[in-house]
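Trainee: Please read through the structure below; I'll follow up with questions.
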Amino acid sequence: MTLKPTQQRNGNLVIPGERLGVIEEFIPDAGTYVKDGIIYSKIVGRALMDMLNRKVSVYPLQEGATIPKTGTTIIGQVGNAQSDNVFVNITKVNTRKKKLSGKFGGILHIYDASDRYIDSMNEVCKPGDIIRAKVISEKNQVYHLSTQDKNLGIIYAFCGQCGTQLEQSRSEMRCPKCSNIEKRKIAPDYGKAEL
Ligand SMILES: [Zn+2]
């Protein structure tokens with residue numbers, strides 16, 4: 001069996017769901033999981049490629065690095081969306097006014113999105129939106145986010161049909177280009193927030 005080259009390098013910062021390699025290359029070890037023969041990271045950490053034993057694992061990040069922490073407010077972009085949760089690519093820790101050096105991801109669940117009842121994440125956000133959220137836990141090395149507070153929510157949203165930035169129109173969001181009407185859980189400084 002020949003050793004195939006892998007895109008991941010030793011020490012790379014990885015996030016949950018990030019591809020590490022395939023089972024033909026490596027034996028999956030701590031901090032990883034396998035789906036359809038592909039090895040993914042289960043946690044936020046540094047990938048360790050043990051070429052000697054042909055094992056891949058992910059080590060949790062050490063203290064001291066600039067990473068999101070429980071209680072901090074983050075800015076991020078909404079990625080993959082399900083009906084009851086969305087993945088957020090964290091780009092900044094708001095309170096530090098400082099960009100993160102690595103890639104971090106968080107999960108926003110529907111029950112942490114709003115203080116009122118909502119049917120679907122479509123009423124909160126859609127992929128591509130820019131969101132301000134608070135880190136409420138780091139359970140299992142995954143950042144769990146909340147937008148329940150009044151100052152949290154979407155700060156920039158884009159039309160699902162044409163991609164134009166939506167404008168706030170009473171309780172709805174309206175596309176100035178194609179008149180599409182959508183819903184969001186917006187922050188009070190929607191469209192004006194500093195990125
Ligand atoms: Zn539009």
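Trainee: Can you give me the relative contact order of the chain as a percent, contacts being Cα pairs under 8 Å and 6 or more apart? Let's see the in-between values first.
Mentor: Numbers: 460 pairs, mean separation 29.0, N = 195.
RCO, the chain: 15 percent.
Trainee: If the cut-off is a Cα-Cα distance under 12 Å, which aspartates and glutamates reach K42, setting aside same-chain residues fewer than 8 apart in sequence?
Mentor: E18, D29
Trainee: How do 37-43, 169-175, 81-87 rank on mean C-beta neighbours within 10 Å, highest first? List each step's numbers first, then the result.
Mentor: Working: 37-43: 18.9, 169-175: 13.6, 81-87: 16.9.
Most protected by this proxy first, the peptides run 37-43, 81-87, 169-175.
None of the figures in this text is laboratory data; all of them are computed from the coordinates on show. Because the structure is a prediction, the values reported are computed rather than measured. When we count neighbours, we look across all protein chains shown, and the Cβ atoms used for this are built from the backbone with ideal geometry, even at glycine.
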